[in-house]
Amino acid sequence: NIFRSWRQNRLSKVDHIAIQVDDIASALEWYRERWDCELEWSDETWAMLRLDNVRLALVLASQHPPHVAFLSDAPENFGQVVVHRDGTSSSYSKDPWGNDIELLKRPK
């Protein structure tokens, strides 16, 4: 059962939280004017901001669901793995309430 795997792997570190916005450029401007954060990546479909304690992903509804991403050394234990253009790899699933959860492995 996938939930047993989660418990055994102790998913305790949040990598990022993804929220949906209508326009990446204007959302970047708004967040960067108000918070001390560093831009890690952006294109027309998503952006990643690094705050002191977590990353915030800004995503378009047509491209990405809102989600919480936990760090995992073995995302393949949770489902099919997708390799991203930034070198990370992830698997995706939902909690019992329908919230999207990403299990993310960062390259070493």
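Being of a type outside the set (Asp, Glu), exposed (fewer than 11 other Cβ atoms within 10 Å of the Cβ) and either touching a residue at least 60 places away in the same chain (Cβ under 8 Å) or part of a loop (DSSP other than H, G, I, E, B) (or both) narrows it down to one of Pro96, Pro65, so name that one.
Numbers: Pro65 fails: exposed (fewer than 11 other Cβ atoms within 10 Å of the Cβ).
The match here is Pro96.
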Answer yes or no as to whether Glu33 is modelled with pLDDT of 95 or more and either within 12 Å of His16 (Cα to Cα) or charged (D, E, K, R) (or both). yes
State whether one or more residues within region 74-84 are polar (S, T, N, Q) and without any contact (Cβ under 8 Å) to a residue 40 or more places away in the chain. yes
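Report yes if some residue within region 76-93 is in a loop (DSSP other than H, G, I, E, B), exposed (fewer than 14 other Cβ atoms within 10 Å of the Cβ), of a type outside the set (Asp, Glu) and touching a helix residue (DSSP H, G or I) at 6+ places or on another chain (Cβ under 9 Å); otherwise report no. So that I can check it myself, show each step before the final result.
To start, the set of residues in region 76-93 that are in a loop (DSSP other than H, G, I, E, B) comprises 79-81, 84-88.
Now restrict to residues that are exposed (fewer than 14 other Cβ atoms within 10 Å of the Cβ): 80, 84-87.
Within this subset, residues satisfying the condition of being of a type outside the set (Asp, Glu) are 80, 84-85, 87.
With touching a helix residue (DSSP H, G or I) at 6+ places or on another chain (Cβ under 9 Å) added as a condition, the list becomes none.
No; the residues of region 76-93 include none that is in a loop (DSSP other than H, G, I, E, B), exposed (fewer than 14 other Cβ atoms within 10 Å of the Cβ), of a type outside the set (Asp, Glu) and touching a helix residue (DSSP H, G or I) at 6+ places or on another chain (Cβ under 9 Å).
Mind checking whether some residue in region 29-48 is open to solvent by less than 90 Å² (accessible area, probe 1.4 Å), under 18 Å from Lys13 (Cβ atoms) and in a loop (DSSP other than H, G, I, E, B)? Working first, answer last.
Kept after step one, since they are open to solvent by less than 90 Å² (accessible area, probe 1.4 Å), are these residues of region 29-48: 31, 37, 39-40, 42-43, 45-48.
The next check asks that each one be under 18 Å from Lys13 (Cβ atoms); those that pass are 40, 48.
Right, trim to in a loop (DSSP other than H, G, I, E, B) and you get none.
There is no residue in region 29-48 that is open to solvent by less than 90 Å² (accessible area, probe 1.4 Å), under 18 Å from Lys13 (Cβ atoms) and in a loop (DSSP other than H, G, I, E, B).
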Please specify each residue of region 18-28 satisfying the condition of being small (Gly, Ala, Ser), over 19 Å from Asn99 (Cα atoms) and surrounded by 12 or more Cβ atoms within 10 Å (Cβ to Cβ). Ala25, Ala27
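Any idea which of His84, His67 is closer than 22 Å to Glu44 by Cα and either touching a Lys or Arg at 6+ places or on another chain (Cβ under 9 Å) or at pLDDT below 95 (or both)? Outline the logic, then answer.
Values: His67 fails: either touching a Lys or Arg at 6+ places or on another chain (Cβ under 9 Å) or at pLDDT below 95 (or both).
The conditions single out His84.
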Identify, by number, the condition in (1) open to solvent by 50 Å² or more (accessible area, probe 1.4 Å); (2) closer than 16 Å to Arg106 by Cα; (3) not hydrophobic (A, V, I, L, M, F, W, C) that Asp52 doesn't meet. (2)
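The values are calculated or read from the model by the stated rules, or taken from the named source; none is laboratory data. What you see is a predicted model; the values in this text were computed from it and never measured. Glycine gets a Cβ as well: all are built from the backbone with ideal geometry, and neighbour counts include every protein chain shown. What goes into the accessible areas is simple: the full protein's heavy atoms, side chains included, and nothing from ligands, DNA or RNA. Shrake-Rupley method; radii C 1.70, N 1.55, O 1.52, S 1.80 Å.
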